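The block underneath contains the structure these notes are about, expressed in structure tokens.
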Amino acid sequence: MGSQALQILRQGVWASLTGGWYVDPHQSTFSNCFHLYLWIFLLAFPFLLYMALPPSLLVAGIYCAVVAVFFTAIKVVNFRLHSMFDLGEIIEKKQASLSTDAPRLEEGDEGSATTCVCLCNAVSPPLSPVYPPVPPLQFDLDHESLQESQENTLMIEEKAKPKQYYRFWVLPGRWLRVRYDRLALLALLDRLVAFLGFLLLLQGFFRDIWVFQFCLVIASCQYSLLKSVQPDAASPMHGHNWIIVYSRPVYFCLCCVLIWVFDLSGRSSSLQPFSLYGVTFFSGQFLLCARDMLIVLALCFPVIFLLGLLPQVNTFIMSVLEQIDMHVFGGTGKSLLGGAPWGDAHVPVLFSVFCGLLLALSYHLSRQSSDPTILWSLVRSKIFPELENRAPEEPPVEIKDPLPEKLHNSVKEILHSDLVMCPLMAVITFAISASTVFIALQPALSLVLYILAGVVGFFTHYLLPQLRKQLPWFCLAHPVLRSREYSQFEVRDAAQLMWFEKLYAWLQCVEKYFIYPAVVLNSLTTEARSSNTHSRALFISIAGMKLMRSSFCAPSLQYVTLCFTTLFFHFDYPHFSETFLLDYYFMSILFSKMWDLLYKLRFVLTYIAPWQITWGSAFHAFAQPFAVPHSAVLFVQAVFSAFFSTPLNPVLGSAVFVTSYTRPVKFWERADDNNLNSIFYEHLTRSLQHSLCGDLLLGRWGNYSTGDCFILASDYLNALVHVIEIGNGLVTFQLRGLEFRGTYCQQREVEAITEGVEEDEGCCCCEPGHLPHMLSFNAAFGQRWLAWEVAATKYVLEGYSISDNNAASMLQVFDLRKILITYYVKSIIYYVNRSSKLEEWLLNEAVQEALRPCLGPGYVDSDPTFNLNIDEDYDHRAAGITPAAFCMVYLDWIQYCNSRRQTPVNSERDSALVNLCFGLCILGRRALGTASHSMSASLEPFLYGLHALFKGDFRITSPRDEWVFADMDLLNRVVAPGVRMSLKLHQDHFTSPDEYEDPAVLYDAITANEEKMLISHEGDPVWRSAILANMPSLLALRHIMDDGSDEYKIIMLNKRFLSFRVIKVNRECVRGLWAGQQQELVFLRNRNPERGSIQNAKQALRNMINSSCDQPIGYPIYVSPLTTSYAGGHAQLRSVWGGPVSPQNIYTWLISSWDSKARTHLPTSKLVLTFLQAHVRLCLHADACTHTLTATLAYTHRHTENIQSPQLKVRILPQDA
């Protein structure tokens, strides 16, 4: 413990303060001293230049030149040393030829590096396996001096250096060469740090001791380019992180540029300030104040990087772009009011056109996912089909994955619908805006719209979800509005659509498509008249698009913001109001931050509540008293973290909280695991992809927003669902599957979320009971102090029920093994007769020649594999298996299987078919005996051999069985499926032991299993494809080796509807615990598997959340990629809202309407025939109307069969008719 603390102080704290330098005990004294002198030089050189010489650009140029030469020399020496140590040294002289050829490398590839050629005698293998081999260079030192050899080597090195570049793809099949590599970027950064840092010193921004502090910051940024802090406090990964090298210099350069720009702008008089809510922005004083804040920030760089408050560069860019997308174009913006001078009773046509286009564009953007992968794959398949052919061929899979086609259809459906809806919405909005209705009905219309939005929002997003919760208001013991599955013990069918779900969906539809667009359009029309002309277009575009997209994507968050804006600026402080559109715009930003602050405070108060704190270690007990004086600072940290959207994480899982660096909503990168159970979570992801968006729109998970986390808990599946993005009709999520049977801590938390509290009768220290259908005082109090709540108890989802039986108990005795062998032989016979190549095998001369000895009357196969105990056809007199004994047992079965063929063949006792079946059955049993170590009679070798054959691992060792290689389908299509089918028949034998005595029943059972079940090894790609394709049943034999146990289990999967408990977890609790685990394992290096931060804490589900982190920080058995669920694939939601308004659906509706009208007006047969003639003639003009023509002709048949004299003439007209 002491050595670990010393290592953290040395390599973590001190290295973060200095930029990477620390005393490394694993390095030599010379190396540590050398790095210390480098760091002192970087610190002292700019300080002495500034103090000794007068400030001028010449001094700055000298400083930059010295730094450039200094860094170049260090990198050259470092490169030469690495080349020498990697490639070896001269140990003896030898004759060899000179070779200078080296393959071209691309630095963008993994492990690429500059190929260096050196003098060497024996070249050791390269350290990295991806390095290409470098041919050795050898010289004869008798004819050439060592100095000349080195000169020649340098010339060869210059000549043989490969050209390196990256490929930047611009268009499909078109890319540009980028020759700017990583080393060039490092060289640019060290020069920029020197130039910008010394420029600020010359400007006189620092005085006294702060000059030295700023030189310390410059030295830490420059030294990190030579030897970065590893691991850094902001590093999200174990091991060496090469991206973190750029963090300090990039942030330093950005900060210096902003200081310089703000200083110039603050002293300039050309910039016009403006006032918003009483605050003047972009004035000289404002900009100079911002400059001073940045100066303080730059001086605090060592402490900031020590605490890890700034993320690595790529995470910072992702977070900034995400915040801009969410808060500017979908959530916030910083624009002024715009204005347009027009009369009170007139709206210009161009403004009406603008309103229509704005609404249509916002609607279209709200229905598009931010991940363009699916859309690009659809475009590529249509426009660039040749690129699909360039892809490497995948191994053929018998079962096709339906997901890509489903996603393509969903995206096409959205695009076709938008093709109709966007012009329609634009036209309707144009008509309403041009009618001056928003002006003529003022001010009553605005007040009516605000009240309507508040009432509908309160009823839809507060009252209905509360009545559907498991514990409404944490007072009632049961939901008021219950689903039909609520009272069922076991769910057998899909969830039934309830009336309140229909009401919830329709209220959302009214809210999204009528109320909020009317509110925004009303504000646009009434307030744009009073705006100034300079910034009108920019403000209206950004604010209107943001508010409309928010109402389309997340209407549940709008009514609170709208009501508060109306009350605050219309009644409380009307003199502060700018305009309603601007007030609503900025209040949406403020409320998003306030929601984050509320969630953070709830998490902190729940986590540190003294009556439910769980100390996972002695450190937790030690840190608990320090949380009390930390409370004031904790509140400030909560406000800071809410403003910058950073997690608030507990230090080592204790009650002391610190602010981490900002992260995007996704938080983690994808990480997979090869656990065999991960396929079940992958199937669960597919099921959620099909139904999640529709279920959310029906209110089955309660209220939701971007970043929310839910836990799905069932008997054996426990998964965390992280909602990443919410659109209009789509939801992007990520699923993290936990272990089936987790640790003790996980089981305690699973019990906490699955047990009910309805039976609790406590009130403080006594048990007086509770009112009917109400919670007791203790239960109500305890539910309010949890970081999670039960959103639903009977959420129905399609999945697989898993049953595992111990194979040892089913094959323990010899009689049970004999039954298995009997079914094995019968299955082989079945597959021989069912094969389409049977006639070919019977005519194969090599097969018949090898099996001819079996036709002899005295033939006996006395292989030691065969045993009287397990072979039913074993002849104990002949001490082996004879054809006569085989036919006595299996001839009837052979003849029956042959009779079920379409073209039966000869199946007499001495026929080629019986001989082939005999040979294959002997081969199959001998292969099982070979894999089971032949003579061993114990169970373990038998199970080992059965598992080997089940995987398809056949070892043909006997010369008598080599005839099977004449056609490998004899093994792949007969023996291999026979072994697998026998295991299934052996399973069925326990439920109906005598049923399969009848050949017809057995034959039909095998046929049914072939059609409805997949029997395969779990490592076979077909197994995964079958599960993802929703195969009804699957069976596998699994070998489990864990903690010294060696077991074989028969895994049986049956597709059915599963019932899950949906637990909504405080999203800030999840982000905070994730950030704490990342800091503890990466920066603080606490790799104790029993560390206190992963012990169970029922109030926060600490163990389940921490175990869902990406590996190696957590240990989930499956982490899905970002998956998008579309509402169009939900059948129940389509029955409520109808299908999408697409051209095809409009045409179908017209035809069906005409159909129903024609059925009620049969006397108008002449009109029907005239319509059909014209319609058929029209359809025949286009090749793409085949389906339309088919439907029309079917329609013709239906409506002319009751007409007395139909005279329908269809003429095929030429294309130019």
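FYI, it's all coordinate maths here, none of it is from the lab. Because the structure is a prediction, the values reported are computed rather than measured. Every residue, glycine as well, gets a Cβ built from its backbone with ideal geometry; the counts of neighbours run over all protein chains shown.
If you plug the beta carbon distance of Val455 and Phe640 into 1/(1 + (r/R0)^6) with R0 = 41 Å, you get a FRET efficiency near 0.65. Sorted ascending by nearby beta carbons within 10 Å, beginning with the fewest, Tyr246, Tyr559 become Tyr246, Tyr559. Using R0 = 56 Å, the C-beta based FRET efficiency linking Ser862 and Ser487 works out to 0.30. Going from the fewest other Cβ atoms within 10 Å to the most, the residues Lys1098, Lys469, Lys412 appear in the order Lys412, Lys1098, Lys469. Most tightly packed first, judged by the mean number of other beta-carbon atoms within 10 Å of their residues, the peptides 442-448, 789-795 read 789-795, 442-448.
Per-peptide packing, taken as the mean over residues of other Cβ atoms within 10 Å, places 1101-1110, 1051-1060, 803-812, 987-996 in the sequence 1101-1110, 1051-1060, 803-812, 987-996 from highest down.
What's the local net charge at Leu970, with K and R +1, D and E -1, over the other residues with C-beta under 12 Å away? Around Leu970, the charge tally is -3. Once the Cβ-Cβ distance of Arg167 and Ala44 is raised to the sixth power relative to R0 = 56 Å, the FRET efficiency obtained is 0.80. The label point for Gln1144 and the one for Cys763, both projected 7 Å from the Cα toward the Cβ, are 6.3 nm apart. Modelled spin-label separation between Asp1046 and Leu855, with each label point placed 7 Å from Cα along the Cα-to-Cβ direction: 4.6 nm.
Annotation for Ala808 and Phe777: the two label points, set 7 Å from Cα along the Cα-Cβ direction, are 5.5 nm apart.
Stretching Val633 away from Leu463 to a fully extended chain increases their span by 57.5 nm, per 0.36 nm per residue minus the current alpha-carbon distance. Gain on full extension, evaluated as 0.36 nm per residue between Arg191 and Ser83 minus their Cα-Cα distance, stands at 36.3 nm. Considering the zone a paramagnetic label at Asn1030 would reach in this model (a point 7 Å from Cα along the Cα-to-Cβ line), which residues of the stretch 689-729 have amide N under 14 Å from it? Under 14 Å, as judged by backbone N against the label point of Asn1030, lie 689-692 of the stretch 689-729.
Among 563-573, 42-52, sorting by the average number of other beta carbon atoms lying within 10 angstrom of each residue, highest first, gives 42-52, 563-573. The slack in the chain from Ile324 to Ser381, taken as 0.36 nm per residue of separation less the alpha-carbon distance, amounts to 17.3 nm.
The stretch 637-651 and the stretch 1059-1108 have Cα centres lying 17 Å from one another. Under 16 Å from a label point set 7 Å out along the Cα-to-Cβ vector of Glu1090, the amide N atoms of the stretch 745-783 belong to 745-746.
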